[in-house]
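Peer 1: Mind having a look at this structure? Questions to follow.
The values are calculated or read from the model by the stated rules, or taken from the named source; none is laboratory data. Quick caveat, the model's predicted, so the values are computed rather than measured. As a convention, Cβ positions derive from the backbone with ideal geometry for all residues, glycine included, and neighbour counts pool all protein chains shown.
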Amino acid sequence: MDRVRKRAAVFVGQADESYQSRFISGFLEKAFGYDMDVCVFSMYRKYQDTADREMGESNIFSLMVSEMFDCAVIIEDSIQTAGAADTLEERLHRTFHKPVLVIEKESPYFPSVYTDCTDSIKELVAHLIEVHGYRDIAYLSGKKWHEHAQRRLEVFMEAMHEHGLDVPEDRIVYGDFWYQSGEVCADQLLADGKKPPEAVVCANDAMAIGLGKALSERGVRVPEDTAVVSYDSTFEGQTSPVSITSAVIPARELGLYAAEYIFNRMNGSDTGPFYAEPSLLIGESCGCKEKNMPGYSLKRTVWETEISSEGFDSVNNTLAENILAQTGLEEYLGTMFSYAYQIKGAQSFHFCLAAPWKYMGSDASVTVPNEGYPAKMIYAVRYNNDRRDGYVGLDRTFDTAEMLPALYEEREDPAAFFFTPVYCERQCFGYAVVSYGNAPRSYDDLYRRWIGLVSRGFENLRRGLVIQCVQDQLDKIKKSKFDPAGAVYESLSAEEKEEYDLVGKILDENLLTYHFQPIVNTIDGAIYSYEALMRSKTEKRISPLSIIKYANMQDRLADVERATFLNVLSIIDSRKSSFGTAKVFINSIPGVRVSDHDFDQLAKYLRKHSDTAVVELTEEAELSDAELDRLKEFFRRLDIKIAVDDYGTGYSNVSNLLRYMPNYVKIDRSLLSEIQNKPQKQHFVREVISFCHDNNIMALAEGVETSEELRTVINLGADLIQGYYTARPTEELVPEIYSKIRDEIRRFHQERLNGGSGHIYVAGKTNRVTLSALVKEGCTEISVGQGTMVYKDITIIGTPGLKTDIHLTVEPGYIGRITLENVYLSNEKNHPCIELGDGTDVTFVLIGDNHLQNSGVLVPESARFTLEGEGNLRIDLSASEYYGIGAGSEQKHGELAFLLSGALTIHARGVAGTCIGSDLGGVVRIKSGLYSIESDSNAGVGIGSFSGFADIEIFGCSMELWIAAVHGVCVGSMEGGADVRIEHSSFKAFCDGSEGVGIGSVKGSSASIGVSETGLTVEVNAANGTAIGAIDGRTDIRVFSSSLKVNSSGEKMLAFGGNSTDTKIDMMRADVKVSVRSNLNRDTFAKEENIKIVDGQARFTVNGTAVEHTVIVKD
């Protein structure tokens, strides 16, 4: 936490109010001039109406850590919460032994400074008397005990006496500095039919506005009947129906002074007393026509409007609806991040979450009172207006004593950070920080309203999660197959005793039967297996849960275990033909061990039906390593497959799965309930399924009860399905499930193969599309250009850390701009993440960090693709045949133009493909940006084409390529010709394989390469190939004013050209260094007369021996 700049702490209430805002602006302006950072700790209001809110807002003051600051300023008159200012002063006096300045209030511990109202109020009174001739002038004061009210009244009386005027007692009215005081004043001044005064001087604008309203309602005109003036000119007063003549409180000037004073104190210097020249704003309320009121223009300073930018006050703002719709903490944080752009002018926004809230979704007892902040905070949201380095998540924690990690980052300029509480009533959720960089300004009322809405949304989320948590616990109790007790009973009722006895009879007489619920595959819905579910063969039916409960009370769970296995295995034995190849899942009670005799008997039956029986072990009851090893060895000897049941409850974690290493994992119903609406559940289930597939385990989704759940789990990759929606348990074996359900399964499976679930969001109704909202709605595709679009150009907004299964389709003929802001898109390996239709002309603008997973961008021959923006894009390709940006096998791609300021990174793994380009080629124009391209395949092209002609221009960029392939080319064509121009760039290409080319063509008939004003490095290690040129064709190389470094190594490797003598090399003013190690014992087959090197430096070595080429030196 080292720091170089000095840092000031400012404590304030309602930092967006006029006085405080102007003071802060002045203070920051001067502090920034001293190269000093400032942290402002602000309540949202000067005072609150309940004790809980007083604690919630003033709690932010406790965050300040004395060691982190060099000075402090308290704008104390703005902190009117009972006891808050006194507590703060006492704490600073006790722990902070550095300069402190108190504003607008006396302090027993620290120096104070005030604005002096004397000259301003006297000028107001003089204006009324001397300009307008008023003599009957009343005064509306603030609170009688308030020192500012007392001083302003005192100065008013002095001014009247100086003009030889007395003020009767009934012409002085005491208010409370608020609007309603105007009502009180009007009633007193007009009581008993009294004639209204000629003028009223008010202690502030709020009371003046209230008085103007009250007089108007009583038929007294302002200013015709009574003039009204004020001390405390505000925007509200200036823009009243009759603009209020008022004296300006020099708040900004006091802020400038305070920063100078505190800086001088830190450096051991004194500062003179504060004084500011009085300033009156003459309006209409005194009887004048406006003379010097500020001119407020209706013109905007920017072209965009609140509606066009979907700002906080836009009719299209859906922040409230979307935060209330969230059902998970990380979803909520993502929504907060996606709307942070609405904080106008903010350079950055941060949210620090109290660490205990990380468990708000799993522990209903979590609470954090407004009594300071926990020792640890979670750096949950970081938003930057340049959309870089954003973050959303629960993984980053820090010591609360640091206050904010961003404080300690290197910055060229000083900055201010505004800390505000995020709370609701008694719950402290953490705090927010907004920074406007080095702009000398406070936050505004928009931010106060925005963060207030977010705070209330947190409480809504907390309450919803508490309810859900309790409900989940109840459901778990009700649905657990082997919860033996359910509840503790001191005694049994008559009915319970009857059931208790009946269970004894059931076990004694083996009155158990079994129903079989089909388990189906996710390809065509065919029955893969059945689960045997216990039932009683008694007149009075007893639920399986009751049988387990009363058997446990009778210490007879082993009898249930033995009976279940023997009964089910007997059924399998007698009905083998009915089961066919289907397996049967048999539930085993965890921790229950049968006798040795029963053990041997069970082993005999299990061995006989090892191809059918699957034993379910309930994951929620943790077994010791010894117990688990015994079971696994027993089943292994019998060649019995095992399944982990109820995964997602109890002790669920990956390490536990590794202990079991089952053949099947049954994902619990609690994870699947409404999974189509729960992104967090989808993410967790997807990870579980991925783990299963990586370890040759089949993933079974248990408890599927709706079509939407079925569709979602199939799209997430589940192998097997069980649930009431597909088939209910029956006593007779069902040979197949309903054809309607099977058709659904086939359709959903095909949707998965096609790369989506068919949930399509048609863009254009709004100009901002939020991925987190689409994930919640179950959308897997965004369609742009479909139908009539209200907004042609759109922005797609992601959340850092949010990975989606959404892909983007641009309809044929669309022309427009699509901005990608921190998006993560993915699709199946054979389908593009972004697909452009025929005839499209799309400019993609990158903001922040964007990611395409598994596949890239399809640009058909008739389309045009442009990539620009200051953001970054990463494409990870993993498929047999791949392309990053361009087109695939037997296709040409449309024109590709790259105008980036940010970075493009492509990583490809597969059998064959191109990172930028296509099989048959096309035009590629790269004009700026940073590029990192890496390919690991059998046959790979970095930029260019596979079998067609490659037309490539690289200009003004920094580029690095690594191609590891049996047959590879970094830039150019594998089998066709190539024309490559590289100018004003930094270019590095590395190629390793059996047959490789750095720039040019592997099997094409020609390669033309031009390099101008570029630093170029090419390194190729291959059995056969060339660094620059066409291996089996004509080569034309032109290098101008460039640095060229070439390393070639391999059995038949060359530096320039190929195996033909038809190679021409022209180099002018180039610095060339070439090293070749090859059995060919030469750097090129070009004829010496076709090698022209003019005015440069050239060093050529082959197998360690220098090779001479003539260098022409011109005069």
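Peer 1: Just a yes or no: is a residue in the stretch 293-314 modelled with pLDDT of 80 or more, more than 17 Å from Gly464 (Cα to Cα) and touching a strand residue (DSSP E or B) at 6+ places or on another chain (Cβ under 7 Å)?
Peer 2: No.
Peer 1: Also: Would the stretch 1094-1102 turn up any residue that is assigned to a strand (DSSP E or B), on the phi < 0 side of the Ramachandran plot and under 51 Å from the mean Cα position of the chain (by Cα)?
Peer 2: no
Peer 1: If you take the residues of the stretch 247-280 that are of a type in the set (Phe, Trp, Tyr) and either at pLDDT below 90 or assigned to a loop (DSSP other than H, G, I, E, B) (or both), which of them is surrounded by the fewest Cβ atoms within 10 Å (Cβ to Cβ)?
Peer 2: Out of the qualifying residues, it is Tyr275.
Peer 1: Tell me, which strands (runs of 3 or more DSSP E) wholly within the stretch 93-180 include 1 or more residues that are under 28 Å from Glu253 (Cβ atoms)?
Peer 2: Those strands (runs of 3 or more DSSP E) span 100-103, 137-141.
Peer 1: Can you tell me how many residues within the stretch 11-37 are of a type outside the set (Asp, Glu), in contact with a Phe, Trp or Tyr (Cβ under 6 Å, 6 or more places away or on another chain) and surrounded by fewer than 24 Cβ atoms within 10 Å (Cβ to Cβ)?
Peer 2: Number satisfying all stated conditions: 1.
Peer 1: Given (1) touching a residue at least 24 places away in the same chain (Cβ under 8 Å); (2) within 23 Å of Ile24 (Cα to Cα); (3) under 47 Å from the mean Cα position of the chain (by Cα), identify the lone condition not met by Ser279.
Peer 2: (3)
Peer 1: Look through Glu674, Glu732, Glu736 and report the one residue that is acidic (Asp, Glu) and modelled with pLDDT under 90.
Peer 2: After ruling out the rest, the residue left standing is Glu674.
Peer 1: Suppose we keep only residues that are crowded, with 23+ Cβ neighbours inside 10 Å and closer than 25 Å to Ile1112 by Cβ within the stretch 1045-1057. Which one would you say is nearest to the chain's Cα centre (by Cα)?
Peer 2: In this case the residue turns out to be Val1046.
Peer 1: Pull up the stretch 515-556, narrow it to residues that are among the charged types (D, E, K, R) and part of a loop (DSSP other than H, G, I, E, B), then point me to the one that is modelled with the lowest pLDDT.
Peer 2: It comes out as Asp555.
Peer 1: Return yes or no: is Ile1112 of a type outside the set (S, T, N, Q) and at pLDDT 95 or above?
Peer 2: No: the conditions fail for Ile1112.
Peer 1: Same structure, new question: So which of Thr1014, Thr1026, Thr1063 ends up being surrounded by 20 or more Cβ atoms within 10 Å (Cβ to Cβ) and either farther than 24 Å from Ser945 by Cα or over 53 Å from the mean Cα position of the chain (by Cα) (or both)?
Peer 2: Within the list Thr1014, Thr1026, Thr1063, the selection yields Thr1063.
Peer 1: Right, next: Just for the stretch 744-758: of the residues that are modelled with pLDDT under 80 and farther than 9 Å from Ile714 by Cβ, which one is surrounded by the most Cβ atoms within 10 Å (Cβ to Cβ)?
Peer 2: Gly755
Peer 1: Take the residues in the stretch 215-240 that are acidic (Asp, Glu) and touching an Asp or Glu at 6+ places or on another chain (Cβ under 8 Å); name whichever of them is surrounded by the fewest Cβ atoms within 10 Å (Cβ to Cβ).
Peer 2: Within the stretch 215-240, the match that is surrounded by the fewest Cβ atoms within 10 Å (Cβ to Cβ) is Glu236.
Peer 1: Ok, one more. Condition (residue is touching a Gly at 6+ places or on another chain (Cβ under 8 Å) and either crowded, with 21+ Cβ neighbours inside 10 Å or at positive phi (or both)) applied to the stretch 102-121: is it met by at least one residue?
Peer 2: No: the stretch 102-121 contains no residue that is touching a Gly at 6+ places or on another chain (Cβ under 8 Å) and either crowded, with 21+ Cβ neighbours inside 10 Å or at positive phi (or both).
Peer 1: Looking at Lys792 and the list (1) free of Cβ contacts under 8 Å to residues at least 12 places away in the same chain; (2) among the charged types (D, E, K, R); (3) closer than 30 Å to Phe349 by Cα, which single condition is not satisfied?
Peer 2: Looking at each condition in turn, Lys792 falls short on (1).
Peer 1: So, of the residues in the stretch 69-86 that are assigned to a helix (DSSP H, G or I) and in contact with a helix residue (DSSP H, G or I) (Cβ under 8 Å, 6 or more places away or on another chain), which turns out to be surrounded by the fewest Cβ atoms within 10 Å (Cβ to Cβ)?
Peer 2: Here the answer is Asp77.
Peer 1: Which one is surrounded by the fewest Cβ atoms within 10 Å (Cβ to Cβ) among residues in the stretch 423-473 that are over 21 Å from Ala325 (Cα atoms) and of a type in the set (S, T, N, Q)?
Peer 2: Gln473
Peer 1: Further question: Of all residues in the stretch 1040-1069 being assigned to a strand (DSSP E or B) and small (Gly, Ala, Ser), which is farthest from Gln1097 (Cα to Cα)?
Peer 2: Gly1050
Peer 1: Of the residues that sit in the stretch 1080-1098 and are of a type in the set (D, E, K, R) and surrounded by 13 or more Cβ atoms within 10 Å (Cβ to Cβ), which one is farthest from Ala1070 (Cα to Cα)?
Peer 2: Arg1082
Peer 1: On the given criteria, is Ile796 in contact with a helix residue (DSSP H, G or I) (Cβ under 8 Å, 6 or more places away or on another chain), more than 20 Å from Thr905 (Cβ to Cβ), aliphatic (A, V, I, L, M) and at pLDDT 90 or above?
Peer 2: No, not satisfied.
Peer 1: Which of the residues that make up the stretch 579-618 are of a type in the set (A, V, I, L, M) and modelled with pLDDT of 90 or more?
Peer 2: Residues satisfying the conditions are Ala582, Val584, Ile586, Ala613, Val614, Val615.
Peer 1: Kindly provide the set of residues from the stretch 377-395 that are more than 11 Å from the chain's Cα centre (by Cα) and modelled with pLDDT of 95 or more, ordered by number.
Peer 2: Scanning the stretch 377-395 gives Met377, Ile378, Tyr379.
Peer 1: Pairs only if they're at least six apart or on different chains, beta carbon under 7 angstrom, first in the stretch 739-751 and over 17 Å from Thr706 (Cβ atoms), second among the aliphatic types (A, V, I, L, M); list them, first residue then second.
Peer 2: Going by the 7 Å Cβ cut-off, the qualifying pairs are His749/Ile523; His749/Ile714.
Peer 1: Another question, then. If Glu330 satisfies all but one of (1) within 30 Å of Ile121 (Cα to Cα); (2) touching a Gly at 6+ places or on another chain (Cβ under 8 Å), what's the number of the condition it fails?
Peer 2: (1)
Peer 1: Tell me, which residue of the stretch 523-538 that is in contact with a Lys or Arg (Cβ under 8 Å, 6 or more places away or on another chain) and hydroxyl-bearing (Ser, Thr, Tyr) is surrounded by the most Cβ atoms within 10 Å (Cβ to Cβ)?
Peer 2: If we take residues in the stretch 523-538 being in contact with a Lys or Arg (Cβ under 8 Å, 6 or more places away or on another chain) and hydroxyl-bearing (Ser, Thr, Tyr), then Tyr530 is surrounded by the most Cβ atoms within 10 Å (Cβ to Cβ).
Peer 1: Here's something else I'd like to know. Quick one: how many residues across the stretch 316-330 are in a helix (DSSP H, G or I) and in contact with a Leu (Cβ under 9 Å, 6 or more places away or on another chain)?
Peer 2: Qualifying residue count, the stretch 316-330: 6.
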